[in-house]
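Structure record follows, encoded as structure tokens.
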Amino acid sequence: MNVLVVNAGSSSLKYQLFDTVTETAYAKGICERIGADGSLIDHRQLAKGLRDQKVIPMKNHAEAMKIVVEALTDPELGCIKSMDEIEAVGHRVVHGGPYFFESVLVTPEVIETLEKCRDFAPLHTGAHLMGIYGCTEVMPNVPQVLVFDTAFHQTMPEKAYFYPLSYDMYEDYKVRRYGAHGTSHRYVSAIMREILAKEGKTEDTKIITCHLGNGSSISAVRDGKVVDTSMGLTPLEGVEMGTRCGSIDPAIVTFIMEKKGYTPAEMNDYMNKKCGFLGITGGFSDSRDIEDAVAAGPDGKADADRPLPSYERANLCSSVLFYQIKKYIGAYAAAMNGVDAIVFTAGLGENNPRLREVVCSDMEYLGIEINKELNAKMLRQPNIVKLSTDNSKVAVYLIPTNEELVIARDTASIVGALAK
């Protein structure tokens, strides 16, 4: 089945076209600056290794979808002959709230319920809806499926997802832990379970998955089910991130609001967009800049053709993150009464060897030992790599994530069942 996977943002639309039989991606790309001047499409035809970038007006997501279909069916840059070859559309949706616990076929009732999720992910839900409406306008007869980031985490027990607030906050407003990056945690934990099974470990598997990027979350997965995860009601909780503060003393919120005179909206914007790497370094949210600054050392002799944060700030920023990840691993090992494997994935997890080495160091109590020479070489590559030594009591793996493939699989499964 040919499935178009869509990830719609407020002014962007990422896409990939999959053949779910061979699990091959034919094409991928992104439309940016939708509804603004200078909107463009960056399209890649993967089989031929072709890439085309062009500035083209896109007033809304429906126009962006038309342009995507034109790119996919282009005689030279495309990979299908007509729009009719797109058999289904799968949408990535960040938050399903208390309403969605698995992937679902889009219906009017589902759309009505998704509208209720705006409070849980105000920056994302509206964008997802625009993407759905855009696809409906361009491809009205093509079935669409929603795949939720929060769904994989719905196996958490009450003791893990419940916040110790007054019970009415849960009853009236559904305030609880929901988690995020569920498709990624689901994908890499399933692969890790297959690896453990080949080594004879088929029951009571205990895996800690570390999805680390500009946004990061860590999950404890026991026998394929999430028992805890670091993100909470929203994707703000957890470890330090690119521009997000992660978990902090709740009293800091009101303290800063009083000192700075922030409104609730301004405080929310501050914690989501002005903290984390950006806040500590004083203006740098890209981990590559931080790593380059640390590598340059205290004397600041950087071999970089761009501004970098100071060594002191960069070192502090990375040290905070590494320490927090280590604490989550320790906590989740305690929660599961042990750990069989630790998986690093996503942008930082896959491409930051120093992070992996520091996080896995001084973990003798768990028996973790990684191959430092091999680990140092592992970045910007697509392979599954065992990083732990043969003497390590815990397997440590780098597993590149593929959230789009998970979405394509779920979409094909649900749409395929309609014909039976």
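The values are calculated or read from the model by the stated rules, or taken from the named source; none is laboratory data. None of these values were measured; they are calculated from a predicted model. Cβ placement follows ideal geometry from the backbone for every residue including glycine, while neighbour counts extend to all protein chains displayed.
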Quiz item: If we scan region 365-383, do we find a residue that is of a type outside the set (Lys, Arg), part of a helix (DSSP H, G or I) and either crowded, with 23+ Cβ neighbours inside 10 Å or not assigned by TED's automatic domain parsing to the domain that holds VAL221 (or both)?
Solution: no
Self-check item: 2 or more residues outside the structural domain of THR229 (by TED's automatic domain parsing) and at pLDDT 90 or above: qualifying helices (runs of 4 or more DSSP H) within region 239-326
Solution: none
Quiz item: If ASN2 satisfies every condition in (1) under 21 Å from MET130 (Cβ atoms); (2) surrounded by fewer than 20 Cβ atoms within 10 Å (Cβ to Cβ) but one, which is the exception?
Solution: (1)
Quiz prompt | Residue within region 17-27 that is within 24 Å of PRO140 (Cβ to Cβ), in a loop (DSSP other than H, G, I, E, B), of a type in the set (Val, Ile, Thr) and under 25 Å from the mean Cα position of the chain (by Cα) present | solution = yes
Quiz prompt | Output for region 109-144, where each listed residue is hydrophobic (A, V, I, L, M, F, W, C) and part of a loop (DSSP other than H, G, I, E, B) | solution = PHE120, ALA121, LEU123, MET139, VAL142
Practice problem: Take region 219-228 and flag every residue that is more than 13 Å from the chain's Cα centre (by Cα) and either closer than 19 Å to GLY330 by Cα or not in a loop (DSSP other than H, G, I, E, B) (or both). | Solution: ALA220, VAL221, ARG222, ASP223, LYS225, VAL226, VAL227, ASP228
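Yes/no per residue for (1) surrounded by 15 or more Cβ atoms within 10 Å (Cβ to Cβ); (2) in contact with a strand residue (DSSP E or B) (Cβ under 8 Å, 6 or more places away or on another chain); (3) more than 23 Å from ASN7 (Cβ to Cβ):
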{"residue": "THR150", "(1), (2), (3)": "yes, no, no"}
{"residue": "THR155", "(1), (2), (3)": "yes, yes, yes"}
{"residue": "ASP168", "(1), (2), (3)": "no, no, yes"}
{"residue": "VAL175", "(1), (2), (3)": "yes, no, yes"}
{"residue": "TYR178", "(1), (2), (3)": "yes, no, no"}
{"residue": "SER189", "(1), (2), (3)": "yes, yes, no"}
{"residue": "ILE195", "(1), (2), (3)": "yes, yes, yes"}
{"residue": "GLY200", "(1), (2), (3)": "no, no, yes"}
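Per-residue answers, yes or no, for (1) more than 28 Å from LYS273 (Cα to Cα); (2) in contact with a Leu (Cβ under 8 Å, 6 or more places away or on another chain); (3) crowded, with 17+ Cβ neighbours inside 10 Å; (4) at pLDDT below 90:
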residue	(1), (2), (3), (4)
LYS59	no, no, no, yes
ASP74	yes, no, no, no
LYS81	yes, no, no, no
SER103	yes, yes, yes, no
VAL106	yes, yes, yes, no
GLU109	yes, no, no, no
PRO122	no, no, no, yes
Quiz item: Does at least one position in region 335-356 carry a residue that is surrounded by fewer than 21 Cβ atoms within 10 Å (Cβ to Cβ), touching a Lys or Arg at 6+ places or on another chain (Cβ under 8 Å) and under 18 Å from LEU212 (Cα atoms)?
Solution: yes
Self-check item: All positions within region 184-215 that are closer than 16 Å to THR150 by Cβ, at pLDDT 95 or above and assigned to a loop (DSSP other than H, G, I, E, B)
Solution: none
Quiz item: Within region 69-89, is there a residue that is β-branched (Val, Ile, Thr), within 22 Å of ALA408 (Cα to Cα) and part of a helix (DSSP H, G or I)?
Solution: yes
Quiz item: Considering only residues of region 384-398 that are among the polar types (S, T, N, Q) and touching a strand residue (DSSP E or B) at 6+ places or on another chain (Cβ under 8 Å), which is surrounded by the fewest Cβ atoms within 10 Å (Cβ to Cβ)?
Solution: THR389
Quiz item: How about region 53-84: which of its residues are of a type in the set (Asp, Glu) and closer than 17 Å to LYS14 by Cβ?
Solution: GLU63, GLU70
